[in-house]
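Each value in this text was obtained by applying a stated rule to the coordinates, not by laboratory testing. The structure presented is a predicted model; accordingly, all values stated were derived computationally and were not measured. Quick reminder, even Gly has a Cβ in these numbers, built from the backbone with ideal geometry, and neighbours come from all protein chains shown.
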There are 2 protein chains.
Amino acid sequence: MIIENVTIIGVGLIGGSFALALKEQQLAKNIIGVDASEINIEKALALGLIDETLSLEDAVKKSDLIFLAIPVDATVTVIEKLMGFITSDHIVADAGSTKLSLCNALQNHPLRKRFVATHPMWGTEHSGPEAAVSGAFKGKACVICDKENSAQDALETMEFIYKKIGMHLVYMNAQAHDLHAAYVSHISHITSFALANTVLEKEREDDAIFELASGGFESTVRLAKSNAAMWVPIFKQNKENVLDVLNEHIMQLKKFKSCLEKDNYDYLLELIEDANKISRIIK
Amino acid sequence: MIIENVTIIGVGLIGGSFALALKEQQLAKNIIGVDASEINIEKALALGLIDETLSLEDAVKKSDLIFLAIPVDATVTVIEKLMGFITSDHIVADAGSTKLSLCNALQNHPLRKRFVATHPMWGTEHSGPEAAVSGAFKGKACVICDKENSAQDALETMEFIYKKIGMHLVYMNAQAHDLHAAYVSHISHITSFALANTVLEKEREDDAIFELASGGFESTVRLAKSNAAMWVPIFKQNKENVLDVLNEHIMQLKKFKSCLEKDNYDYLLELIEDANKISRIIK
C-alpha cells in the first residue's frame, strides 16, 4: 500500500517523525505539511520532512489521509473545521495524548466514521521540526480508541500504517485511555516539571546543579524540558484524571515526609521496597 | 603510581565498579574484598572484581588504601572500627552520598588526617557485584570534602586516582555537600520512589503500565528501583536538608494542583515555562 497524498497538520516532533516514518516505509508518495507557523513549514521543507505546503482546505481536499499532530486543544478546533472539507473517502487520524474531549466533540458528526482516534505512545522532551527523528515509533505501543466508531477501511489503514512503522496496537475506549494516560504518562510530566521548579528554587547556584547532576537527576528531570504549549491543553482536557493521580502523588510524598519527621525508618524502608516493585513491570 | 594492596569494603555496584576502574587504569596490583555478605564476596571473586578476601582487620593491615562503598550508616560504624587498625601510612576514603555525619564522627580521631571524604557522583539503579560496570566514573564529578582535614599525601593520592579514572574534582565542605546533594540527587530519588508508589497504587492493571509506559515514564521512574538498604541511611543522615527540599517539592506540586482546580491555565503555562529553564543547566 502506498498513499498518494498525506497531509500532516503540525510538522513538529511527532508530525515530523511520522512523516519520516511514512517515507521510510514507503507508505506515502507525497506529504503535504500544514502548520500555523510559517517558520516550521520552512524548516520541515528544508529538512525534507514534507514535500509541499498548502492551505488547510486545499491540503485536505488533495489528500487521502490527514494526520493531526498539534496541541490537543487546537486538534479539536482544527478537526471540526477540516471535517467540513472531507468526503467519505478521506481518513482522518490524530496523535493526541488525550482522547475523550476529541471523541466527544466529533461524536455526532455525520462523517465521524472517517476519523480514527489514535495515540502513538512515543515522544521526547524536544519539539519542533528539527526534533523529528527517524525510526521514532519502533517498538512502542499505539493506542486506538473507540474503534467501533471508525469505518472498517479507515481503521484498517491506520492499523496497517502503525504496524508497518513498528508499533504494536492496544485498544481501549477514550475514557479508559485518558485515565491510564494520566497514571502512566501525564503524572510523570507534572512530577518532572515540579522537580525542576523545586531545584531551581532551592539551588540558587547553577554551577552546583551542573557539577553535581548525576545521571539519576538528569533522567528524572528530563521531561521538564517538554513543551509548555503542548502540555497545558493535555492537563486541561484530562484535568479530573490528572488531579486524581496528582492528589495520590502528593499523599505518597507526604508519607516520605512523615517518615523523616517522625524518624520512622522502618516504614521508610517499606515505602522504598514498595517502590522497588515497579521493576516487576519496568525492566 | 601503582598501589600494592587496596581493600574495598562493600563489593557492590560502586565498590565493584571502583575495583574495575583501578585495574583498568593499572592503579592497583592486588584488590582485597571485604563484604558482610559471603555471597557478594563469592560473586566478586567469580567476576574478577577482587583478587582475594580477608577479615576486616587483616585486609586493612595488609593494605595501603582502604575504600569504603557500603551504606552510609554502616560506613560510620565500620570506619570507626578500622581506624583502630591503621597507621599513619594508610589512606582511607569512602564513596558515601552523605558526608557530614561521617566527618563529624571522625573529627576528633587522632588519625583523621589519613581519611579523605569523597563522593564520586556516579551510580545506577542497580546493586550488587553483578551491577559493577567498566568505565563507570568517566566524565562525572567527584566531590572531595573538607580537604584541609586530610594529610596532603592522602589527598593527593585520592585526587590522582579519581582523575585517572576520568573524574573531575569539585571541592566543598561536608555541610555544603549534603545540602547540594539533597537538592540535586536525594530529592530525585524520593520523587521517583513516590511516583512508583503512586502509579502502583492507582494503576491496578500492570498490563496497562507495561503497555503504555513510554520512554518518559521509564526515565522518571527508573530511580525507584534503587536499593532501599542504601537509601534509607542516606535520607536519615541528611534528614534536615531532605525535608527542606521535600517540603519545597510538595509546595511546587500543590501549585500545579491549584492551577488545575482553579482552571488557571495561564499560571500553569508559566509554571511549565519556569520548569523549562532547567535546560539552561541540563542539556
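For this structure, a couple of remarks:
- Here the range B:177-280 is treated with +1 on each Lys and Arg Cβ and -1 on each Asp and Glu Cβ, and its dipole about the Cα centre works out to around 380 debye.
- The distance separating the Cα centre of the range B:123-137 from that of the range B:2-50 comes to 12 Å.
- Rg ratio (alpha-carbon, reference 2.2 N^0.38 Å) - the range B:1-157: 0.94
- Here the Karplus relation 6.51 cos²θ - 1.76 cosθ + 1.60, evaluated at θ = phi - 60°, turns the backbone of the range B:140-146 into coupling constants of 9, 8, 10, 8, 10, 9, 6 Hz, with x for every Gly and Pro.
- Over the range B:106-166, all Cα pairs binned in 5 Å intervals from 0 give whole-percent P(r) values of 4, 16, 23, 19, 16, 12, 9, 1, listed from short to long.
- In chain B, taking the dipole from charged Cβ atoms about the Cα centre, the farthest positive-side position among B:PHE67, B:LEU246, B:GLY166 is held by B:GLY166.
- Between helix B:228-237 and chain B: long-axis angle, C-alpha atoms, 0 to 90°, nearest 10: 90 degrees
- Tail weight of P(r) past 15 Å, computed on alpha-carbon pairs of the range B:164-221, percent: 65 percent
- Amide hydrogen proximity for B:LEU68: with H placed 1.01 Å from N in the peptide plane, the residues at 5 or more positions away or on another chain lying under 5 Å are B:ILE9, B:ALA93, B:ASP94, B:ALA95.
- Kirkwood Rh and Cα Rg combined as Rg/Rh, the protein assembly as shown: 1.06
- Zone residues, the range A:207-235, relative to A:ALA105, backbone N less than 20 Å from point 7 Å out along Cα-to-Cβ: A:227-235
- Between the residues A:SER258, A:GLN237, A:SER192, the greatest Cα displacement towards the positive end of the dipole of the range A:177-280, with unit charges on the Cβ of Lys, Arg, Asp and Glu, is found for A:GLN237.
- Hydrodynamic radius by Kirkwood, which averages 1/r over all alpha carbon pairs of the range A:23-66, in angstrom: 10.9 Å
- For the listed peptides B:65-72, B:148-155, B:127-134, a ranking on the average number of other beta carbons within 10 Å per residue, highest first, reads B:65-72, B:127-134, B:148-155.
- Here the residues B:PHE18, A:PHE217, ranked from fewest to most Cβ neighbours within 10 Å of their Cβ, fall in the order A:PHE217, B:PHE18.
- Placing +1 on each Lys and Arg Cβ and -1 on each Asp and Glu Cβ, with no other charges, gives chain B a dipole about its Cα centre of roughly 620 debye.
- By the rule of a C-alpha distance below 22 Å, with chain neighbours fewer than 8 residues away ignored, the lysines paired with A:LYS283 are A:LYS138, A:LYS140, B:LYS202, B:LYS225.
- Using C-alpha pairs under 8 Å with a sequence gap of at least 6, the mean separation divided by the residue count of chain B gives a relative contact order of 17 percent.
- Paired Rg and Dmax values of chain B, which use every Cα atom, in angstrom: 20.9, 68
- Mean sequence separation of contacting Cα pairs (under 8 Å, at least six apart), scaled by the length of the range B:30-175, corresponds to a relative contact order of 19 percent.
- Partners for B:LYS29 among aspartates and glutamates (Cα-Cα distance below 16 Å; same-chain residues under 8 apart left out): B:GLU4, B:ASP51, B:GLU52, B:ASP64
- Sites A:SER37 and A:THR77 - FRET efficiency at Förster radius 22 Å, r taken between beta-carbons, to 0.05: 0.90
- The Stokes-Einstein estimate for the range B:125-194, based on a Kirkwood radius over Cα pairs and taken at 20 °C with 1.002 mPa s viscosity, is a diffusion coefficient of 152 µm²/s.
- Using the Cβ-Cβ distance between B:MET1 and A:PHE85 with R0 set to 51 Å, the FRET efficiency from 1/(1 + (r/R0)^6) comes to roughly 0.10.
- Per-residue mean of C-beta atoms belonging to partner chains within 10 Å, peptide B:174-186: 4
- Taking every alpha-carbon pair under 8 Å whose residues sit at least 6 apart, the range A:177-280 reaches a relative contact order of 34 percent.
- Reduced Cα scattering model of the range A:177-280, Debye log10 I(q)/I(0), q = 0.15, 0.18, 0.20 Å⁻¹: -0.81, -1.10, -1.22
- In this simple spin-label approximation, B:SER55 and B:GLN175 carry label points 7 Å from Cα along the Cα→Cβ vector, and these lie 4.1 nm apart.
- Nearest beta carbon of chain B to the B-to-A rotation axis, with distance in whole angstrom: B:SER219, 2.
- Annotation: amide H-H contacts under 5 Å for B:GLY128 (H modelled 1.01 Å from N, sequence separation of 5 or more, or interchain): B:LEU13.
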